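The values are calculated or read from the model by the stated rules, or taken from the named source; none is laboratory data. It should be emphasised that the depicted structure is a prediction, and the values quoted were computed from it without experimental measurement. Heads up, the Cβs are rebuilt from the backbone with ideal geometry, glycines too, and the neighbour counts pull from every protein chain shown. With ligands, DNA and RNA removed, areas are computed over all heavy atoms of the protein, side chains included. Shrake-Rupley method; radii C 1.70, N 1.55, O 1.52, S 1.80 Å.
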Amino acid sequence: MQTVCAILVGVMVAASVYLILDRNLIRFIFGLVLVGNAINLLIFTVGGLDSRRPPIIPNHTTAVQEPLANALPQALILTAIVIGFALLSFIFVLFYRTYQDLGTVDTESMRIAEADTDHLPPPAGATKGGSA
Amino acid sequence: MSGLLIWPILLPLAGGVAAIFVRTGSRGSFIVALTSAGFHTIAGGLLFWHVHLNGILATQIGNWPAPFGITLVADRLSAVMVMITAIISLAVTSYSKADIDASLVRRGYYCLLQILVCGICGAFLTGDIFNLYVWFEVMLIASFGLLIIGQSKTQLDGGVKYVVINLLATLLFLTAIGLLYGLTGTLNMADLHLKVPLIANRGLLTAIAMLFLAAFGIKAALFPLFFWLPAAYHTPPVSVSAIFSGLLTKVGIYALIRVFTLVFSVEMAYFYTLLPVMAALTMITGVLGAAAQNEFRRILSFHIISQVGYMLMGLALQTHLALAGTLFYLVHHIIVKANLFLVSGVVKRLQGSFELAQLGGIYRSNGWVAFLFFIPAFSLAGFPPLSGFWAKMILIRASLDIHAYWLAFVAAVVGLLTVYSMTKIWAEVFWKPAPVINHAAEPMTARNISAWMLAPIAALTMLTIIIGLGAEVVFRFAFQAAEELSHPEYYVHAVLGKR
């Protein structure tokens with residue numbers, strides 16, 4: 001089981017790296033979603049995936065029975081999912097707003113903040129230096 | 001005494017929440033933010049004083065015993081960083097009164113500022129590595145908001161690059177934490193210090209350490225991971241640039257110091273051949289990048305990178321003296337850098353531009369602004385007896401001590417090139433006669449500069465001078481802090497109790 005998951009994580013990360021390296025911001029977002037899930041799966045996998053008892057103390061006893069499963073990785077993943085969700089929704093809004101204002105999702109043509117005035121003509125409507 | 005550790009996190013959080021409720025009135029939210037920042041500075045000062053007198057302070061949140069619960073720890077390094085953060089927060093809040101207009105305040109400027117400071121202090125104080133990740137995210141989301149507040153096109157453009165790269169950094173950080181937990185079964189940094197040396201799989205350990213280096217390296221803007229910084233730092237309002245430039249990259253450096261002195265304290269020869277090279281390249285690329293720029297804030301942004309190289313150099317050399325140099329540099333740099341950005345805002349207010357070509361004659365028209373630029377700028381460049389000179393001297397001395405002559409040479413040359421950039425700004429903005437075609441409609445020096453803007457600049461300049469003249473006191477403190485860092489036993493003892 002662990003081997004399968006490990007390979008799956010590898011494949012997911014490979015696919016997401018491919019997407020993240022794309023110039024198109026939409027593809028980048030998909031890559032980000034994918035890599036976030038891959039990392040969560042990774043934490044899940046390294047936390048142990050064999051069949052063990054749940055970490056719950058049964059009735060009429062005072063201690064858990066070994067071997068017991070570790071609940072902490074799930075808690076970590078849950079935290080990471082919540083944070084990831086918040087950041088993702090922010091990114092969607094930011095990219096959409098950027099698309100509205102700059103009219104592009106291609107990172108190569110986003111050159112307003114670092115306008116290379118020597119070689120390229122400044123993009124239309126560029127405000128030079130600092131917040132307008 | 002545990003309250004001392006909680007207040008520096010709780011106060012800005014409370015201030016941030018309160019600022020949401022009063023954000024429609026720009027005066028009200030300013031008062032809330034200033035009060036919160038003021039109390040935060042007091043709390044930071046008390047924590048610093050306590051840690052300085054009594055050594056490492058630790059508390060278990062919710063009384064869960066370490067290593068199971070979340071631990072807050074303040075050693076000398078954390079304490080001094082929290083105090084400086086609070087001082088910068090206070091200065092920037094005061095400056096914002098005149099710099100940030102009401103429309104941005106309505107969008108929650110002060111709230112985001114306070115939450116950012118809360119995240120930074122949390123990152124400095126936590127003793128748990130997953131909790132460190134959470135604080136990084138708090139800091140990150142607040143910084144995203146601040147960076148694009150106002151939503152001009154340049155801000156959105158810079159913002160996309162900043163957000164994308166920093167997000168990837170936190171994902172790398174999370175991966176590293178997951179793998180480290182899989183190997184050791186603990187997240188408490190003191191406990192990790194004990195468990196990591198027992199790991200037999202050295203190869204995987206090196207891979208994890210590499211992930212940490214990449215994640216924090218992006219945060220700290222090290223070579224070759226710094227490209228997001230010069231793309232973004234010159235775009236937001238000046239107050240935001242100032243607090244970012246002072247604090248954010250330094251959190252990355254702090255995390256590097258913490259992780260590589262405490263968690264990976266085992267012998268890792270591979271790293272310590274890599275780190276000095278990275279430090280040297282960071283210094284060189286930063287300073288050369290700055291030399292090519294002609295915009296006030298972009299020059300300063302590139303100098304952040306070269307300065308971060310000096311801080312990494314201290315960590316890379318691994319001696320007490322070098323670590324002390326890094327700490328001295330951190331303290332000196334945060335104050336000076338934030339201050340220079342604040343001055344750039346005053347210049348912009350006087351003459352309406354950040355482009356060096358469109359500026360000039362401020363020495364004649366506003367001599368005091370020139371003086372307030374002169375001190376931090378030449379402290380950055382390392383002129384005696386200002387703070388930067390001592391910081392650079394300690395680091396160069398430390399590298400000479402262990403015969404790393406090439407690194408000392410690089411540091412000295414980069415210092416010299418910093419002088420070039422600073423004199424460029426000095427000559428262009430302050431000495432050169434004002435250009436004739438200067439925004440014809442606006443008469444020069446007609447605008448009054450608010451005392452809310454000048455007071456923090458003057459105060460930070462004063463601090464720079466005090467650190468420079470009282471260098472011995474600061475150095476003694478930095479040396480004690482460095483000793484704590486190179487003897488993690490004290491930290492472990494404070495967190496886990498007697499073992």
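Pairing residues of the stretch A:74-88 that are more than 10 Å from every other protein chain (Cβ to nearest Cβ) with residues that are modelled with pLDDT of 90 or more, at Cβ distances under 7 Å and at least 6 apart in sequence or on separate chains, gives A:I81/A:N40.
Taking the listed residues A:L49, A:L76, A:L19, the one that is touching a helix residue (DSSP H, G or I) at 6+ places or on another chain (Cβ under 6 Å), assigned to a loop (DSSP other than H, G, I, E, B) and among the hydrophobic types (A, V, I, L, M, F, W, C) is A:L49, with no other qualifying.
Criterion applied to A:L41, A:L94 was being within 12 Å of another protein chain (Cβ to nearest Cβ), within 21 Å of B:G145 (Cα to Cα) and open to solvent by less than 50 Å² (accessible area, probe 1.4 Å), and the one residue passing it is A:L94.
To keep it simple, each residue is scored yes or no on (1) more than 30 Å from B:L194 (Cβ to Cβ); (2) away from chain A (no Cβ under 14 Å).
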{"residue": "B:I42", "(1), (2)": "yes, yes"}
{"residue": "B:G55", "(1), (2)": "no, yes"}
{"residue": "B:L77", "(1), (2)": "no, yes"}
{"residue": "B:I87", "(1), (2)": "yes, yes"}
{"residue": "B:V92", "(1), (2)": "yes, yes"}
{"residue": "B:L104", "(1), (2)": "yes, no"}
{"residue": "B:N131", "(1), (2)": "no, no"}
{"residue": "B:E137", "(1), (2)": "no, no"}
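Kindly establish whether B:A242 is touching a Phe, Trp or Tyr at 6+ places or on another chain (Cβ under 7 Å), small (G, A, S), crowded, with 23+ Cβ neighbours inside 10 Å and within 11 Å of another protein chain (Cβ to nearest Cβ). Judged against the criteria, B:A242 is not a match.
Per the listing B:G360, B:G309, B:G286, the residue uniquely at positive phi and buried (at least 18 other Cβ atoms within 10 Å of the Cβ) is B:G360.
Contact map, the stretch B:391-418: residues that are under 15 Å from B:L275 (Cα atoms) paired with residues that are open to solvent by 20 Å² or more (accessible area, probe 1.4 Å) and in a helix (DSSP H, G or I), Cβ distance under 6 Å, separation 6+ or inter-chain. Pairs shown: B:A408/B:I396; B:A408/B:L400; B:A411/B:I396. Scanning the stretch B:359-382 for residues that are closer than 30 Å to B:M311 by Cβ and polar (S, T, N, Q) gives a single hit, B:S379.
Can you go through A:A63, A:A113 and tell me which one is away from chain B (no Cβ under 11 Å) and either part of a loop (DSSP other than H, G, I, E, B) or buried (at least 16 other Cβ atoms within 10 Å of the Cβ) (or both)? Full working, then the answer.
Values: A:A113 fails: away from chain B (no Cβ under 11 Å).
Checking each option against the conditions leaves just A:A63.
As a summary of the residue check, B:G25 satisfies the conditions (1) surrounded by fewer than 24 Cβ atoms within 10 Å (Cβ to Cβ); (2) of a type outside the set (F, W, Y); (3) at pLDDT 90 or above except for the one numbered (3). Considering only residues in the stretch A:85-132 that are under 30 Å from B:L171 (Cβ atoms) and of a type in the set (S, T, N, Q), the one that is modelled with the lowest pLDDT turns out to be A:S131. Under 30 Å from B:F479 (Cα atoms), open to solvent by 10 Å² or more (accessible area, probe 1.4 Å) and within 14 Å of chain A (Cβ to nearest Cβ), is that true of B:F302? Criteria met by B:F302. Counting only helices (runs of 4 or more DSSP H) that sit completely within the stretch B:140-220, those holding 2 or more residues that are more than 14 Å from chain A (Cβ to nearest Cβ) and open to solvent by 10 Å² or more (accessible area, probe 1.4 Å) correspond to B:189-195, B:202-220.
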